[in-house]
Amino acid sequence: MFDALGAGDKTWSLKTSAAAHRILDYWIVEELRTGHSVIGESNFKKDLDSKRFQDAADKYDASLLQIMCKASGKVLFKRWVARIQTGERHEGHAEAIGLEQIKKDLAGPYPALQLSGQLITLDTSDFSTVELPELHL
C-alpha cells in the first residue's frame, strides 16, 4: 500500500492500514462466498473487527478458528526495536511517533476477537516453548 500510495505521517499510515484491511476483508469474503477456506492474518482489534468477521462467517456458514499469538509487552518491544534496526522496515509505518509511545502501545492488552468457533492462544514469548495444540475442526 505504501509503495502504491506513498508514505506519510502516522495519520496517513493509519489510513493506509485501514484501506489494506478493507482489501483483506473483501478477499476473505470472496473466498468464503465461493466456498473456499481462507486464512487472514493481521493485528485485528476486538472492537473494530469482531462483528465484521462474525457476520461474514454467519452469511457463508463458515467455521471459525482463531489463533491468538501473544507475548509480553517487553518481548514485543524488543522484537519491534530489532525490526526497526534492520533498516528494512518500510518508512510508511511512521515509527517517528517514538519508541516510548510504541512501548506503551505494545504493553497491551490485546484481547482476542469475539467470534464463534475455536480459539487457540499461543504465548510466543519464547518460541522454543510453544506447543501447538490439537485442532478440532
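Throughout, read-outs are computed from the coordinates displayed, never taken from laboratory work. The model shown is predicted, which means the values in this text are computed figures rather than measured ones. Glycine also receives a Cβ, built like all others from the backbone with ideal geometry; neighbour counts cover every protein chain displayed.
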Computed label-point distance, nm, for sites K59 and K10 using a 7 Å Cα→Cβ extension:
3.3
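Which is the longest run of the chain containing none of the GluC sites (Glu not before Pro) found in DSSP loop states (not H, G, I, E, B) with at most 15 other C-beta atoms within 10 Å? Please report the intermediate quantities before stating the final value.
Details: sites that count: E41, E88, E131, E134.
With a cap of 15 other Cβ atoms within 10 Å, the longest stretch comes to 42-87.
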Gain in length, E131 to E100, computed as 0.36 nm per residue apart minus the alpha-carbon separation, to one decimal in nm?
8.0 nm
Can you tell me how much longer the chain between Q85 and C69 gets when fully stretched, taken as 0.36 nm per residue apart minus their C-alpha distance, in nm with one decimal?
3.5 nm
Tell me the trypsin sites (Lys or Arg not before Pro) within segment 1-83 that lie in a loop according to DSSP and have at most 14 other beta-carbon atoms within 10 Å.
K45
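Quick check: net charge around V130, other residues with Cβ under 12 Å of its Cβ, Lys/Arg +1 and Asp/Glu -1?
On the way: positive: K70; negative: D123, D126, E131.
Taking every other residue near V130 into account, the sum is -2.
If r is the Cβ-Cβ distance from K78 to H36 and R0 is 35 Å, what FRET efficiency results, to the nearest 0.05? Don't jump to the answer; show the numbers that get you there.
Values: r = 37 Å, r/R0 = 1.07.
The value I calculate is 0.40.
Give me the tail of P(r) for segment 2-129 as a percent: Cα-Cα pairs with distance above 21 Å. Don't skip to the answer; put the middle values down first.
Details: 4198 of 8128 pairs.
Beyond 21 Å sits 52 percent of the P(r) for segment 2-129.
In debye to the nearest 20, how big a dipole does segment 2-129 give about its Cα centre with +1 on each Lys and Arg Cβ and -1 on each Asp and Glu Cβ?
360
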Taking K70 as the anchor, which lysines have their alpha carbon closer than 21 Å to its alpha carbon, excluding any fewer than eight residues away along the same chain?
K45, K46, K78, K103, K104
